[in-house]
Structures are given as C-alpha cells and as structure tokens.
Amino acid sequence: MHNDTRFLDLNRTYGGKPGKPSSVFLDWLRSHGLSEQAVAVVSRYVLGKAGGVRALNFYSEKGILGANDKDFVPIAIRDGLLIVGGCPNGDPVAIDVREHLGAAGYICHETMWHVASVREVFFPFAASLDELAAILTDDDPPYDYYHARDRYGNQTEPK
C-alpha cells in the first residue's frame, strides 16, 4: 500500500486541502481511458481545495477537470498525461497516467501545441507527486520545464 503523503502534507502546509475524489471525477477519468490502476494513482492525490507549493500551483479536482477540458488543454489527457497544476511561467505540471504511472514532471507550454504528442515535450523528473513534493523542498527546485531539463539532464524516464 502506498503511504507516502509528502504531496498532500506539503499542500496542506501551503493552504491546500486533501479531498476524496467524487464519482463525477472518477467517471471522467475512466471516460478518458484511464485504467483502474491509473485511477487509483490519481485518486491518492486529489485536492478538495487547490494549493500552491512554493511557486507551483496544484489544482483541486475541479481545477484538474478544467485544465484537461476540451476547451483548455485536451491534448495532454489524449496523450496519457493528466495536468494537475502549473508552473509560474505557464508550464503545466502533469502526471503520466498511461506509461510510467504516476511519474510527475512539466510540459513545455511553448511547444506543446506544435508536436504530434505532448509526450514529446513532457519532462518527467519525479517518480510520483510525493517525490516532486520532496524536490520542491530543496533550496533551488526547478520551477519550469527548461529549469528541470537543465537540472536533471536529458533523462527519458523519471528517476
């Protein structure tokens, strides 16, 4: 069983509030092709109230639905990435819900609309949102896609 709560604890510290996923949210995830395993991963990190961790924003359930909506950024969920927050420069924070379940990283907002798959400009540098939370407690955490790439190199899979 997964018992690491760094993401939820850190969000709580910065004003966020952990929540239980609603049936509407769970149905939405399933309707977008998420496996039950992926739904379980996402469910661990649901916020009832959005929170910010240092310079990053993490969305509530409602915010996640809005960010991944057909009228905002539907291309991420289409490609197996769920936007869960944002960097100060506009780069989305996302988790992989298809290949490396739960891996967290940033999507380059400048180029995400110009590639065949958003995965081409997704840089996963944490194995989970809990690991990302731990990274955010560093003295100089990466606050955008390019800073993360500079810091963690050209890795293709989360550490």
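The values are calculated or read from the model by the stated rules, or taken from the named source; none is laboratory data. Predicted, not measured: the structure shown is a model, and the values here were computed from it. Cβ sites come from the backbone with ideal geometry, for glycine too, and all protein chains shown count toward neighbours.
At a glance:
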| item | result |
| --- | --- |
| Out of VAL115, VAL73, sole residue that is under 14 Å from the mean Cα position of the chain (by Cα) and at pLDDT below 95 | VAL73 |
| Residue within segment 130-148 that is closer than 21 Å to ASN11 by Cα, among the hydrophobic types (A, V, I, L, M, F, W, C), touching an Asp or Glu at 6+ places or on another chain (Cβ under 7 Å) and touching a residue at least 24 places away in the same chain (Cβ under 8 Å) present | no |
| Residue count for segment 10-45, restricted to those that are assigned to a helix (DSSP H, G or I) and either within 23 Å of ARG98 (Cβ to Cβ) or more than 16 Å from the chain's Cα centre (by Cα) (or both) | 19 |
| Criterion: touching a helix residue (DSSP H, G or I) at 6+ places or on another chain (Cβ under 9 Å), among the charged types (D, E, K, R) and buried (at least 23 other Cβ atoms within 10 Å of the Cβ) - qualifying residue of ASP91, ASP130, ASP79 | ASP91 |
| Tally, over segment 51-70, of residues that are among the small types (Gly, Ala, Ser), part of a loop (DSSP other than H, G, I, E, B) and at pLDDT 95 or above | 1 |
| Positions within segment 103-112 being in a loop (DSSP other than H, G, I, E, B), touching an Asp or Glu at 6+ places or on another chain (Cβ under 7 Å) and either among the β-branched types (Val, Ile, Thr) or surrounded by fewer than 24 Cβ atoms within 10 Å (Cβ to Cβ) (or both), in sequence order | CYS108, HIS109 |
